[in-house]
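Every number here is computed from the coordinates shown, using simple stated rules; none is lab data. Keep in mind that what you see is a predicted model, and the values were worked out from it rather than measured. Counting neighbours? That spans all protein chains shown, and the Cβs are built from the backbone with ideal geometry, glycine included.
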Amino acid sequence: MRKYILTTIFILISHLIFGQYQISGDLKTDSTWSRVVYLSLIENHHNIDQIIENTTIDSNGYFAFEGNHLPDEISFYLLLVI
């Protein structure tokens, strides 16, 4: 039991130390859609066009954003597909 508690604590601490994120999903698109997904930071309701990152949608409709460069504070994000 002690081993499981220590493992859980390690996982939680490592997540806080490294601060990595992954946002992923699947989209069903047709040929009229762009194959790009944009990640936008919403600082306030007047400024929703601050695009942080973009990624491509693969042939199966999968996309993913990964990294560690998002702001530390709690924020709202918007995924855009055009």
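In segment 65-82, whose amide N lies under 17 Å from the spot 7 Å out along Cα-to-Cβ of Trp33? List them in ranges.
65, 78-82
Among 53-64, 21-32, how do they line up from the highest to the lowest mean number of other beta-carbon atoms within 10 Å? Can you show the working numbers first?
On the way: 53-64: 13.4, 21-32: 9.7.
By packing density, highest mean first, the sequence is 53-64, 21-32.
Out of all Cα-Cα pairs in segment 21-81, roughly what percent, to the nearest whole number, are more than 14 Å apart? The partial results should precede the final answer.
Numbers: 1042 of 1830 pairs.
The proportion of pairs with Cα distances above 14 Å equals 57 percent.
Using amide H atoms built in the peptide plane, which far-off residues or other-chain residues are under 5 Å from Tyr62 H to H?
Close amide H contacts, sequence-distant or interchain: Leu27.
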